[in-house]
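Chemist: Can you keep this structure in mind? I'll have questions shortly.
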Amino acid sequence: MLAGARSVFLAAAVAVVYLSFTSSSLSARGRNLLLLAGGAVAAVAYSSSIVSYVDDLLGSGSFSNRSGNLEYVPRLLLRSASEVIWGSGGDTEPQLFAQGLLFQNGFDVVDNQLVTTLATQGVIGLVLLVSLFIVGFRTTGRLSRSVLLVMVVMLFSFDYLRFTSMLGLLFGFLALAPATAGARENRPSDIVETGPEPRVPSPCG
């Protein structure tokens, strides 16, 4: 549970930084200086706590499980060509653990959606998943982008595509992209009314 809380706090911090940098209320230079100054003050004030926190994080079983499964990616890429491209299929993680293709530490949980997707859906599935986030991020607004950033960070912490609630949130915010784009196009303030074109007098009177 604690590992999940750490991941959420990190994801929320990424979203806040993004919103701060893209805010239109301050100049770009002012935003950068403000963030750098705030980060420097916080780092100095809480340096001992930060060092202790990092030590606890790196020594935790949850972190070693996530980093260990990342190290097993080369093994997944050494499977047969069909499994590399298409994966081994849904819910085949137990077989992959038994074959030694995923990190062996007794958890039998990947805790990384990107690695799980590569293992079970192959390179094709991984490319489609990453493309989904890229397209959503490029087409939606600031607020929805900040939420998508949270979900991107959480890709490295949980296999959350197996949860209906997370899928609902993900596709709900992805669906906001065309909706917000359409709203921007149809805003009354964006419509410029033009009167009739002035009549040019004829040279002949």
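The values are calculated or read from the model by the stated rules, or taken from the named source; none is laboratory data. All values derive from a computational prediction rather than experimental measurement. Note: ideal-geometry Cβ built from the backbone for every residue, glycine included; neighbour counts use all protein chains shown. Quick note on the areas: whole protein, heavy atoms, side chains included, nothing else; ligands and nucleic acids left out. Shrake-Rupley method; radii C 1.70, N 1.55, O 1.52, S 1.80 Å.
Chemist: Confirm whether Ala119 is small (Gly, Ala, Ser) and in contact (Cβ under 8 Å) with a residue 12 or more places away in the chain. Outline the logic, then answer.
Modeler: On the way: small (Gly, Ala, Ser): yes; in contact (Cβ under 8 Å) with a residue 12 or more places away in the chain: yes.
The answer is yes for Ala119.
Chemist: If you take the residues in segment 73-82 that are assigned to a helix (DSSP H, G or I) and in contact with a helix residue (DSSP H, G or I) (Cβ under 7 Å, 6 or more places away or on another chain), which one is least open to solvent (accessible area, probe 1.4 Å)? Before the answer, list the steps.
Modeler: Residues of segment 73-82 that are assigned to a helix (DSSP H, G or I), as a first pass: 73-76, 81-82.
With in contact with a helix residue (DSSP H, G or I) (Cβ under 7 Å, 6 or more places away or on another chain) added as a condition, the list becomes 73, 76.
On the way: Val73: 37, Leu76: 1 Å².
My answer is Leu76.
Chemist: I'd like the residue in segment 83-123 that is under 16 Å from Phe158 (Cα atoms) and of a type in the set (Phe, Trp, Tyr) and, out of all such residues, is surrounded by the most Cβ atoms within 10 Å (Cβ to Cβ).
Modeler: Only one residue fits best here, namely Phe103.
Chemist: What do you reckon, is Leu126 surrounded by 12 or more Cβ atoms within 10 Å (Cβ to Cβ), at pLDDT 90 or above and either basic (Lys, Arg) or closer than 24 Å to Asn65 by Cα (or both)?
Modeler: Details: surrounded by 12 or more Cβ atoms within 10 Å (Cβ to Cβ): yes; at pLDDT 90 or above: yes; either basic (Lys, Arg) or closer than 24 Å to Asn65 by Cα (or both): yes.
For Leu126, the condition - surrounded by 12 or more Cβ atoms within 10 Å (Cβ to Cβ), at pLDDT 90 or above and either basic (Lys, Arg) or closer than 24 Å to Asn65 by Cα (or both) - is met.
Chemist: A follow-up question, please. Could you list, in sequence order, the residues of segment 135-166 that are open to solvent by 70 Å² or more (accessible area, probe 1.4 Å) and over 21 Å from Val8 (Cα atoms)?
Modeler: Matches in segment 135-166: Val135, Arg138.
Chemist: Sticking with this structure for a sec: Return a yes/no flag: does segment 103-121 have any residue that is aromatic (Phe, Trp, Tyr) and in a helix (DSSP H, G or I).
Modeler: Initially, segment 103-121 is screened for residues aromatic (Phe, Trp, Tyr), giving 103, 107.
Applying the additional criterion that residues be in a helix (DSSP H, G or I) yields none.
Checking segment 103-121: not a single residue is aromatic (Phe, Trp, Tyr) and in a helix (DSSP H, G or I).
Chemist: Condition test on Val200, is it hydrophobic (A, V, I, L, M, F, W, C), outside any helix (DSSP H, G or I) and either open to solvent by 90 Å² or more (accessible area, probe 1.4 Å) or at pLDDT 85 or above (or both)? Give the derivation first.
Modeler: Numbers: hydrophobic (A, V, I, L, M, F, W, C): yes; outside any helix (DSSP H, G or I): yes; either open to solvent by 90 Å² or more (accessible area, probe 1.4 Å) or at pLDDT 85 or above (or both): yes.
Against the criterion (hydrophobic (A, V, I, L, M, F, W, C), outside any helix (DSSP H, G or I) and either open to solvent by 90 Å² or more (accessible area, probe 1.4 Å) or at pLDDT 85 or above (or both)), Val200 qualifies.
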